[in-house]
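Quick notes on the structure that follows.
The values are calculated or read from the model by the stated rules, or taken from the named source; none is laboratory data. Note that the structure is predicted; figures quoted are calculated from it, not measured. Heads up, the Cβs are rebuilt from the backbone with ideal geometry, glycines too, and the neighbour counts pull from every protein chain shown.
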Amino acid sequence: MIGQLALVLHAHLPFVRHPEHARFHEETWLFEAVTECYLPLLEQMDGWTRDGLPWRLAMSLTPTLGAMLDDPVLQERHERHVASLLELADKELERTHLDPALNALAVFYRGRLLAAAETGRGIRSVVDRFAAHQRAGNLEILTCAATHALLPLLIDEPASIRAQVGTAVAGHERRFGRKPRGIWLPECGWAPDLEPYLREAGLRWSVVETHGLLNATPRPRAAVYAPVVTPGGFAVFGRDPASARQVWSRQGGYPGDVRYREFHRDLAHEAEWDYVRPHLPTTRRTFTGFKYHRITGTEVPAADKQVYERKAALEAVRGHAAHFIGERRRQFAAAGPLSGREPLLVAPYDAELFGHWWFEGPEFLDQVVRMACASGSGVRLTTPGLYLAEQPTHQRAMPAASTWGEGGHLAVWLDGSNAWMQRPLRTAAAEITRIAGHFRDADPDALTERFLRQASRELLLAQASDWPFLVKTGTAGDYPADRFRRHIAEFTRLAESLSASRTARDVPLLESLEARDNLFQDLDWRNWCPQSSDGSASGGHR
C-alpha cells in the first residue's frame, strides 16, 4: 500500500551575538551549524532539484536563527572562522602527508571548507537558498515562537504568547514574503489553551509528541497515521515513534553504527596547544571539525578508535536509508485499514542532528529522499501543509498537553536547577503588559518607541527555552544562567527608564542594547497590550 511521509526538520539556535568581544566561543554554535548542517542540507536539496525529483520537505527556520543568519557581523565572523579552519586544513595536509588514510580525510575536510567559503554559497546565502526551494514548491518553511519560548509555561500570560507568536509571524512574512501556515511549537510543547492564539495569528497546523496525539479527546481513530483537527479548526499531527527511534535512539539508532564518524574525538583535544590555539575562538579546547576516527564501538576507549573510512560510512548510509524506507512501507501496510485513505507518517527531527551530531545525516536524508522518489517505492513525500490541502476533512479531537522533553511534559524546564527562572519572568511579563497598556493610547514619541521595543526584545530573549534547558543539562557552563540574568536585569533597567521622565532616561544603555541585541527590527511592542473582552487591544494609564 502507498503511504505518505512528511519529513519535518527543526532548524534552531538561540540568539548568540557578542560584537563587544573580538571572538566569542558560543558564536561557534552558529558557525558549526552553518558549515556542518545547513550548507550540506542545501547541497542535497539543490541536487534533488537538479535531478528533477518530486521531493517535499518541511523545515522550520526559527526567528532567532534567521536573525543571526541575516546579521552582517555574524556573517563576517563566520567567514573568518572558515578562513581560519582553511589555514588549519593546509597545516593538516602537511602534517598527515606520510599517513595516506589521515591525509585523505584532511583533503576531504579542506574541500568541504572551500565549498563553505565559496562566494554566494556561504552563510550569506543560506536564507535565500531555503526561500528559493520554498518558492519552487518543494520546501515548506514554518515558523516558531519568536525566541523559542516554551509556550505552555506562558499559558496564564496571554500577552506573552501573543508577543512570541505575533513577532514570529510578522518576521517570517518579512523574511520569506509570505505568512507561515505551520508553526514548530518549541520543544513540541502543546497545551489545548494555546489553540486560540495560534489561530488568531493565522497559523493552521503543528506537530506534537506521540502521546499528545494518542491521548487526544476523543482518541484518534487513525492513531498517528493522520492528523486531528481541534474544535477551532487547528490541525495537529503526531510524531511517528518508530521513525524517531531509528534516528534518535542511543540504543540501536542509525547514528550509533560503528562505521560512522566519532563526534567527540577532535583534533582540538589531541594536537599540541600551540598548533590548534590560533584556530579556536577562546582559550578552551573546543572543536575544530577535524575528526579522524570512527565510532568503532560503544565500549571502545577514545584512544583506541579506528580511523574513519568515508567509503564504509556511505555504504552504511545506503543500508540504513533502505531499511528506513522499508520500515515505512511495512507501517503503511499495517495502518491502511485504520483510516480508509493513504496513511501518513510524520517524522520530525532537529535539523542540527543531520551533519553536526550525525556527520553522515545529510547523506542519509539524500538517500531516503531518492529512494522515496523512485518508481514503485510505496512512499510518497509530502509536507503537513500539502497534506491538509489534499485532505480537507479530518477527525475532530483535542490533543493532550505534552512536550517531547524527557518525561513527555514540562519537567526539563521546571527542574530544581532552573525553576528559579519562573518568578522573574512572570514579574517582567506583568510589568511589560502594564507599561504597554499605559503607552497604548499615549502616542509615544520616537525615543519612547525605541525603549518599548528594546524592553520587549530583552524579555523575549529571557523567555527562550534554551536557557533553562542548558542549565538543566549543564553542557554550556555558566553562560545560559548568565544570559538569562542579563536579559532580566536589562529589561528591568529599561522599564525603570520608561517610568522616568523623558530627560532622565538612560539613553546610553538603550543604544548599547540596540547595538548588541538587534533582532526583530520592526518589533511591535503593542503585542504586549492587554486585551479587552472582545479580543482587541485595550489601553489604559497607570
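At-a-glance table
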{"read-out": "When residues of the range 206-223 are limited to those that are surrounded by fewer than 23 Cβ atoms within 10 Å (Cβ to Cβ) and in contact with a helix residue (DSSP H, G or I) (Cβ under 6 Å, 6 or more places away or on another chain), the one modelled with the lowest pLDDT", "value": "ALA222"}
{"read-out": "ARG265 among the basic types (Lys, Arg) and under 21 Å from the mean Cα position of the chain (by Cα)", "value": "no"}
{"read-out": "Matching entry among VAL126, VAL107, VAL73 (being surrounded by fewer than 23 Cβ atoms within 10 Å (Cβ to Cβ), of a type in the set (A, V, I, L, M, F, W, C), under 24 Å from the mean Cα position of the chain (by Cα) and farther than 30 Å from ARG426 by Cα)", "value": "VAL73"}
{"read-out": "Residue match in the range 190-200 (condition: in contact with a strand residue (DSSP E or B) (Cβ under 9 Å, 6 or more places away or on another chain), assigned to a strand (DSSP E or B) and not aromatic (Phe, Trp, Tyr))", "value": "no"}
{"read-out": "Total residues in the range 434-457, condition over 18 Å from ILE161 (Cβ atoms) and part of a helix (DSSP H, G or I)", "value": "11"}
{"read-out": "Unique residue being within 29 Å of PHE15 (Cα to Cα) and either at pLDDT below 95 or touching a Gly at 6+ places or on another chain (Cβ under 6 Å) (or both) when the list is GLY120, GLY66", "value": "GLY120"}
{"read-out": "Test: ARG17 is at pLDDT 95 or above, basic (Lys, Arg), more than 20 Å from LEU74 (Cβ to Cβ) and more than 14 Å from the chain's Cα centre (by Cα)", "value": "no"}
{"read-out": "Cβ-Cβ under 7 Å pairs, at least 6 apart or on other chains, the range 501-520 side modelled with pLDDT under 95, far side among the polar types (S, T, N, Q) and in a helix (DSSP H, G or I)", "value": "ARG505/SER497; ASP506/SER497"}
{"read-out": "Filter pass, THR382 being over 24 Å from the mean Cα position of the chain (by Cα) and either surrounded by 19 or more Cβ atoms within 10 Å (Cβ to Cβ) or more than 30 Å from ARG310 (Cβ to Cβ) (or both)", "value": "no"}
{"read-out": "Pick from the range 473-530, criterion buried (at least 16 other Cβ atoms within 10 Å of the Cβ) and of a type in the set (Gly, Ala, Ser), ranking: nearest to ARG284 (Cα to Cα)", "value": "ALA476"}
{"read-out": "Number of positions in the range 173-205 that are among the acidic types (Asp, Glu), at negative phi and touching a helix residue (DSSP H, G or I) at 6+ places or on another chain (Cβ under 8 Å)", "value": "1"}
